[in-house]
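> Right, I'll just put the structure down here and ask away after.
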Amino acid sequence: MNFDLFVIGGGSAGVRCARIAAGHGARVGIAESRFWGGTCVNIGCVPKKFLVMAAEYGALAEDARRFGWDVEAKSHNWSALLAAKDKEIARLNGIYRRLLENAGATIFDARATFIDAHTLDVGGQRITAERIVIATGGHPTGLDIPGAEHAIVSDDAFFLPEMPKRVAVIGSGYIAVEFAGVFAGLGAATHLVYRQPLPLRGFDEDIRAALAETLAGNGITLHPGALPTAISLTDDGKRLALNNGTALDVDLVFFATGRAANTKGLNLDAAGVNTGAKGEIPVDDAFATSAPHIYALGDVTDRLNLTPVATAQGHALADTLFGNNPRGVSLENVPTAVFSIPPIATVGLTEEEAAKRGEVTIFLSRFTPMRHTLTGRARKTLMKLVVDKATNKVLGAHMLGEDAPEIMQGIAVAITAGATKADFDRTIGIHPTAAEEFVTMRTQTRVAGPGIGAV
Ligand SMILES: Cc1cc2nc3c(=O)[nH]c(=O)nc-3n(C[C@H](O)[C@H](O)[C@H](O)COP(=O)(O)OP(=O)(O)OC[C@H]3O[C@@H](n4cnc5c(N)ncnc54)[C@H](O)[C@@H]3O)c2cc1C
């Protein structure tokens, strides 16, 4: 065999797994067909956050005037932003390559496909490996409607030649909400079209309702309960038809309607690896596929599609196989953020999930953050704790407001450690911050539980 371990895909999961396994002394090969660092670094978390930051500056410049600054955000240079973003990402690509090389892994800038259960075709080369990891990630999927070819997906959004003036974003998951904020913040007339009554299905209902208000407050036109039916070309752009009879004339239609696993073309049948209904690869707790020496990690398994989950899985598998430290990765209490403007962050159970399991006490606070008492911007912060009535354990924390993701990382430590509401209460706050509200909420808002409505 050429390698002890061969990793297909140089994204978050694959790079971490290959690097740690090589560090443990294994003979490791890794193939990446497109860009080192994968989705997160190139067309996901990292460039997305740069775009969100760019979008925030416009409002910050306006707000600065209320603090005495004589500034004005006159216009935005989209090409300058993309050039700065591309430069930083090229630097990160290099870092990922070097990390692998320094760890002693053999790098292939090539596509890998299975020939049989231990043999791969890697850019025309026949490679054999004792164990194989599939970490090929996912790709965005659009809607099957007439004119769909005129729409873009998130992969394209990072390379638009110019900033559109009128945009329709379709979908209401985190990618849809984030990009609507980017386009609106950079000055486009922005529509958000979605099937549900509120955006961000699966998130806490109070957060969803507050987000809808916030998006509208940011000037985004919301189209809840609407389904796109067709896209046609007009003299100066595109027309998006909705099933409620509305037609939106825009420059850009953006499908943020979901993602699917990258398993097509891998020739998985030849390796005995089964896939699920949507093309994802089911795995057991030790990341093994239906072929016991072939593993799958990260988005290709379509469980919790987040970078820190993918890297944690890659690390755990490498430690298990070559580091004499067998372990899995718990998918409970995984904190997550939505980089809307302002952002959302959450950890643990929503009120709805928790109330199905037992009685819970809800603590909720909605207030104008200190900055906006001076700016006058109508932008409220929402913070919420979901507490188990029987044990007093904090089961969930949710926030919409400035710095929510930065605040939530610490709250996630407390919840992972099993903190009770009494532990939160005896923690001294940091003043003056929004974060201190999480340790000073004393008045219960309501009790919820199986069969109990809000009281
Ligand atoms: C717009 C967007 C924003 C996001 N924002 C966030 C965020 O804020 N926070 C967060 O935690 N997560 C975010 N994510 C999710 C995050 O990017 C993914 O969860 C993460 O990248 C998954 O890592 P992975 O290694 O499983 O797959 P990927 O990072 O997708 O890596 C898979 C790699 O495999 C390569 N590949 C595929 N097939 C082959 C083959 N046959 N041979 C060789 N190479 C192959 C691909 O080119 C790719 O580089 C975002 C995703 C998107 C799309």
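The values are calculated or read from the model by the stated rules, or taken from the named source; none is laboratory data. Computed from a prediction, not measured in an experiment: that's the story for all the values here. FYI the Cβ positions are ideal-geometry reconstructions off the backbone, even for glycines, and counts take in every protein chain you see.
> Can you name every one of the strands (runs of 3 or more DSSP E) wholly within the range 290-380 that holds 1 or more residues which are away from the ligand (no atom under 13 Å from the Cβ)?
It comes to 294-296, 344-348, 360-367.
Residues checked against (1) within 6 Å of the ligand (Cβ to nearest atom); (2) more than 28 Å from Thr336 (Cα to Cα); (3) part of a helix (DSSP H, G or I); (4) touching an Asp or Glu at 6+ places or on another chain (Cβ under 7 Å):
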{"position": "Gly25", "(1), (2), (3), (4)": "no, yes, no, no"}
{"position": "Ile30", "(1), (2), (3), (4)": "no, yes, no, no"}
{"position": "Ser33", "(1), (2), (3), (4)": "yes, yes, no, no"}
{"position": "Trp36", "(1), (2), (3), (4)": "no, no, no, no"}
{"position": "Lys48", "(1), (2), (3), (4)": "yes, no, yes, yes"}
{"position": "Val52", "(1), (2), (3), (4)": "no, no, yes, yes"}
{"position": "Tyr57", "(1), (2), (3), (4)": "no, no, yes, no"}
{"position": "Leu60", "(1), (2), (3), (4)": "no, no, yes, no"}
{"position": "Trp69", "(1), (2), (3), (4)": "no, yes, no, no"}
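> Which of the residues belonging to the range 180-228 are of a type in the set (Val, Ile, Thr), over 19 Å from the mean Cα position of the chain (by Cα) and under 15 Å from Val169 (Cβ atoms)?
Thr190, Val193, Ile220, Thr221, listed by residue number.
> Here's another thing I want to ask about it. Among the listed residues Val122, Val133, Val167, Val177, identify the single one that is at pLDDT 95 or above, under 17 Å from Arg259 (Cβ atoms), buried (at least 19 other Cβ atoms within 10 Å of the Cβ) and among the aliphatic types (A, V, I, L, M).
Val177
> Among the numbered criteria (1) surrounded by 15 or more Cβ atoms within 10 Å (Cβ to Cβ); (2) more than 18 Å from Phe159 (Cβ to Cβ), which one does Leu81 miss?
Only one criterion is unmet by Leu81, namely (2).
> Next question, about the same structure. Sort out which residues of the range 407-444 are part of a loop (DSSP other than H, G, I, E, B) and touching a Lys or Arg at 6+ places or on another chain (Cβ under 8 Å), and write them in order of number.
Gly418, Ala419, listed by residue number.
> Sticking with this structure for a sec: Quick one: which strands (runs of 3 or more DSSP E) sit completely within the range 166-248 and have at least 2 residues that are among the hydrophobic types (A, V, I, L, M, F, W, C)?
The strands (runs of 3 or more DSSP E) meeting that bar are 166-170, 189-193, 228-234, 237-242.
> Okay, moving on. Scan the range 28-43 and report the pairs whose first residue is in contact (Cβ under 8 Å) with a residue 60 or more places away in the chain and whose second residue is more than 7 Å from the ligand (Cβ to nearest atom) and hydroxyl-bearing (Ser, Thr, Tyr), with Cβ atoms within less than 8 Å and a gap of 6+ or a chain change.
Val28/Thr106; Gly29/Thr106; Ile30/Thr106; Trp36/Tyr96
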